[in-house]
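The structure appears below as structure tokens.
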Amino acid sequence: MREKILAVVEELKRRKAEGENFVLVGEESVEALRRAVTVPAKKEPVPVASKTPVPAPAPMPKTAAPVFLAPEDSYAAPKPREVPRAAAPVVVAPGSDIPPPPVFTLPEGTKKERWDWLRQRVLSCPVCTAHLNPGKQIVFGCGSIDASIFFCGEAPGADEEEQGIPFVGRAGQLLEKIIAAMGLSRGDVYIGNIMNWRPQTGSEVGNRPPTEQEMAFCLPYLRAQLAVVQPKVIVALGNTALKGLLGKGAPGVTSARGRWFEFGGVPLMPTFHPSYVLRYGTPETKRQIWEDMMSVMEKVGMSVSEKQRGFFLPKE
Ligand code: URA
């Protein structure tokens, strides 16, 4: 084997002397050379092929054939072509592509005329429409436009965007029970939301709280409903409604409930959202909501019976 290698070296020298700069070596030859240089040489005497001492061949680099045996400067690997980088896709967070809040003036007229005008305005609002889930509806407030109590929720859910009416799902059924415990029905109060559309999540299931921009956009519509209805009291249902009305610096509902605040000159009572009660409600939270509702009843001049006073008290 050693003889063969030396013969190859001699042949390469001869070719180089004739001006050949490149030799293409096949994969098999590379492998054979590699084996030859890694197998320890036998003790047999090395025949002298020429008078000039022959240096041992350098180990072959472990690269795929073909391999160019060439002077370093005669072969330059082509520079990798510069591929222009694709522009990073612009990702718009849901609920952040919202224009500034609408500015409008309620027309003169009766309560009913003003409310009808406002409802039409919201139902035809291009921003609300643009943010609807496919095939779903804008949700405007409902109930009595002469109500003393204005319940304000967060945003429509799946059932509400389907029917175009606030609080018609499970949370709505619980809200109706609370209203019934007060001796009232849905038609006696006004029910609205901070948001007029269900915040998009990219999926049919699940809800997300509205963003600050979304709430800021819809707030003039809520203010206008309050201006038409002129309730004696607002009940803010849950954290989002509370912060949507009072600003993000508002306290959380757990610490704020039971205390009176004010929005646009109207007394405001925060309480737990019915959805919260459905998920995490305890006898204590139910009683706390009820105490908030008794305060509301008293504020609007309703009498609270002895029986009502005992609702949701722990059994002896
Ligand atoms: N939750 C809300 O806050 N509003 C609705 O209309 C329904 C559920």
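The values are calculated or read from the model by the stated rules, or taken from the named source; none is laboratory data. The shown structure was predicted, so the numbers you read here are calculated from the model rather than taken from an experiment. Cβ atoms come from the backbone with ideal geometry, glycine included; neighbour counts cover every protein chain shown. Just so you know, the surface numbers come from the protein's heavy atoms only, side chains and all, with ligands and any DNA or RNA stripped out. Shrake-Rupley method; radii C 1.70, N 1.55, O 1.52, S 1.80 Å.
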- [ ] For ILE145, enumerate residues with amide H under 5 Å from its amide H, sequence gap 5+ or separate chain, H modeled in the peptide plane.
- [x] none
- [ ] Quick one: net charge around PRO101, please, counting Lys, Arg +1 and Asp, Glu -1 for every other residue with C-beta under 12 Å from its C-beta.
- [x] -1
Task: Inter-label distance for GLU291 and LEU278, nm, one decimal - labels placed 7 Å from Cα along Cα-to-Cβ - done: 2.6 nm
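If I stretch the segment between GLN230 and SER185 completely, what's the gain in nm (0.36 nm per residue apart, minus their alpha carbon distance), one decimal? Don't jump to the answer; show the numbers that get you there.
Details: separation 45, 0.36 × 45 = 16.20 nm, distance 1.87 nm.
Once the chain is fully extended between GLN230 and SER185, it gains 14.3 nm.
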- [ ] With the full set of protein chains in place, find how many percent of the accessible area of segment 132-235 is carbon and sulfur; take the probe as 1.4 Å.
- [x] 49 percent
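Could you tell me which of rounded, prolate or oblate describes segment 249-298, using a ≥ b ≥ c as the square roots of the eigenvalues of the alpha-carbon gyration tensor, with rounded for a/c under 1.5 and, failing that, prolate when a/b is larger than b/c and oblate otherwise? Mind dumping the intermediate values first?
Details: a/c = 2.40, a/b = 1.50, b/c = 1.60.
Cα axes put segment 249-298 in the oblate bin.
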Open item on the list: Eigenvalues of the Cα gyration tensor times 5, then square-rooted: what semi-axes does that give for segment 270-316, in whole angstrom, largest first?
Closed with: 20, 15, 6
Task: Rounded Å value of the spacing that divides the Cα centres of segment 294-316 and segment 211-266 - done: 24 Å
TODO: Rank GLN288, SER303, LEU278 by how far each Cα sits towards the positive end of the charge dipole of segment 271-316 (+1 on Lys, Arg Cβ; -1 on Asp, Glu Cβ) and give me just the farthest.
DONE: LEU278
Task: Descending semi-axes in Å of segment 187-316, equivalent ellipsoid built from Cα gyration tensor - done: 26, 20, 13
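Given a Förster distance of 30 angstrom, what is the FRET efficiency for LYS315 paired with SER255, based on the Cβ-Cβ distance and rounded to 0.05? Kindly include the intermediate steps, with their values, before the conclusion.
Values: r = 28 Å, r/R0 = 0.92.
FRET efficiency, LYS315 to SER255: 0.60.
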- [ ] State in Å² the accessible area per residue of segment 228-316; use a 1.4 Å probe, count heavy atoms of protein chains only, and round to the nearest integer.
- [x] 52 Å²
TODO: Note the full-extension length gain between VAL300 and GLN213 as 0.36 nm times their separation in residues minus their Cα-Cα distance, in nm to one decimal.
DONE: 28.0 nm
- [ ] Write out the chymotrypsin sites (Phe, Trp or Tyr not before Pro) in segment 87-164 meeting two conditions: DSSP loop, and at most 10 other Cβ atoms within 10 Å of their Cβ.
- [x] none
